[in-house]
Amino acid sequence: MMISVHVFGLVTSKDESKKSIKLKNILILILFAVLHTIINLYLDCSIKTLAICLLYTMYFYIIFDKKVYKSIFSAVLYIILLVIPDLLTLCFATKILGISKVYFYDNLAGGVISNIVISMLMIILIYLLRKPLKTVVNYKLSNNVKIVTVSALTLITIAIFFYNLISDFRHDNDIYTYLLVIITLIVILVTLLRQKMENENMFKKYDDLLTIMKNYESDIEEQRTINHESKNELLTIRSKLSEENDKELCSYVDSIIGDKKSVKSAKFSKFKYLPSNGLKGFFYYKFIEAEKKGIKVSLNISKLVENSYLGDMKTKDFKDLTRIIGVYLDNAIEAASTSKDKKLGIEIYEVKGIIQIIISNTYDNAIEKDKVGNERYSTKGKNRGHGLLLVKRILNENNRITSETKITDSLYIQTIKINEK
């Protein structure tokens, strides 16, 4: 059985150096195999499951140098998966081969042949699921209490059901009820893990964009400075040409200066009152994205915002804000792009010491107002409301930011309010 544990560790390991064969690792594998045998011989039921889980955790920690929480999670996941080959072996022996339940329980369960078959099936299962297993095991889950709790409860529940199944197997009980419960619990756990990954991927998308835009802002501002300096030089040349009455050259220089003026009043300058902490570039990126989709964007940013606390927010609050803005803008752009009028509005004001960011868009879909913000509901269609659900979670955890939704016959309006403290 420890061979399949080792294969699980190899498949889910990111460190290629851990995949080489070393004498020390072989000796440790033999030692753990002996300990595994002792546990199987002298312990029963749930106590045995917990002891084996601890053994696997130690093995992953020692051999593959995984962190403690990763080792625990790997052990839990392995034991959950192990239920599948266990039950397949059970069903095959009793339903296909016609071996009596009593004989299987007394002579085969836990024996050498049974363990070899289960190990082989487990290795095949690990190989088939190698990509999702590696993704799940190496995903950052340590700070999610919900997942850790549900994983532990799932393991305990599966152990109870499975060993109840084994202990009652002498009788004429139907194993399919147990199998259904176990599969249901596994599906719940996988769904929870998937939701966590979707959340993190969405957050990462907006965080990465914010980081890129910080650098982009610096480049744009530098270019604007260069354009301003070159424009001043051209004005000097223009003045000298005027004195010489060279109308043709004057006209040419005027055309260049006109271009420089358009550069100065380019789209990016519309966001000049926003702080240069990534937010300016973030809005600019979404602005361009909307225009590329044929959306007419109206923008109104109050000068009062320029020196506001928007540029001095704590890292967590600022990230929460950009994630909310990102979700709202993405939704607004997509909804507006499919609407007849194709309009998007962005307004940012300071009202009585509170910053307000108003994002409005035209839409065509019928909106069920009472369902907005509920899981998987979106104005964009079926199963597309995940972003709004994440926003709801952020707002529940951050008292500094609030949001209001207003829906008219033609506009969907989201108002974000940011308190100073």
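The values are calculated or read from the model by the stated rules, or taken from the named source; none is laboratory data. Here the structure is a predicted model, which means the values were calculated and not measured. For neighbour counting, all protein chains shown are included, and Cβ atoms are generated from backbone atoms with ideal geometry for every residue, glycine included.
Quick notes
- Residue selected from region 24-78 under the condition among the hydrophobic types (A, V, I, L, M, F, W, C), within 18 Å of VAL7 (Cβ to Cβ) and in contact (Cβ under 8 Å) with a residue 60 or more places away in the chain, by the criterion surrounded by the most Cβ atoms within 10 Å (Cβ to Cβ): PHE73
- Looking only at region 1-39, and only at residues there that are of a type outside the set (A, V, I, L, M, F, W, C), assigned to a helix (DSSP H, G or I) and at pLDDT 80 or above, the one that is farthest from ILE118 (Cα to Cα): LYS24
- LYS95 being more than 33 Å from the chain's Cα centre (by Cα) and either part of a helix (DSSP H, G or I) or of a type in the set (Lys, Arg) (or both): yes
- Entirely in region 242-349, the helices (runs of 4 or more DSSP H) that have 3 or more residues that are crowded, with 16+ Cβ neighbours inside 10 Å and modelled with pLDDT of 80 or more: 279-292, 315-337
- The set of residues in region 341-365 being under 21 Å from LYS293 (Cα atoms) and out of contact with any strand residue (DSSP E or B) (no Cβ under 7 Å at 6 or more places or on another chain) consists of ASP364, ASN365.
- Among residues of region 392-403 that are within 14 Å of LYS316 (Cβ to Cβ), those with a Cβ under 9 angstrom from a residue that is in a loop (DSSP other than H, G, I, E, B), sequence gap 6+ or separate chain, pair up as ASN399/ASN419; ARG400/MET313; ARG400/LYS314; ARG400/ASN419; ARG400/GLU420; ARG400/LYS421; ILE401/ASN419.
- Top-ranked residue of region 111-129 - restricted to ones that are part of a helix (DSSP H, G or I) and out of contact with any helix residue (DSSP H, G or I) (no Cβ under 9 Å at 6 or more places or on another chain), ranked as nearest to ILE39 (Cα to Cα): VAL112
- One residue alone among VAL68, VAL34 is under 21 Å from THR135 (Cβ atoms) and assigned by TED's automatic domain parsing to the domain that holds PHE104, and that residue is VAL68.
- Of the listed requirements (1) at pLDDT 90 or above; (2) in contact with a helix residue (DSSP H, G or I) (Cβ under 9 Å, 6 or more places away or on another chain), GLN356 misses just one: (2).
Conditions tested, residue by residue: (1) of a type in the set (A, V, I, L, M); (2) touching a residue at least 40 places away in the same chain (Cβ under 8 Å).
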residue	(1), (2)
TYR284	no, yes
LYS303	no, no
LEU310	yes, yes
ARG323	no, yes
GLY326	no, yes
GLU334	no, yes
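- Taken together, LEU81, LEU90 contain a single residue that is in the same structural domain as VAL11 (by TED's automatic domain parsing), crowded, with 19+ Cβ neighbours inside 10 Å, over 22 Å from the mean Cα position of the chain (by Cα) and modelled with pLDDT under 85, which is LEU90.
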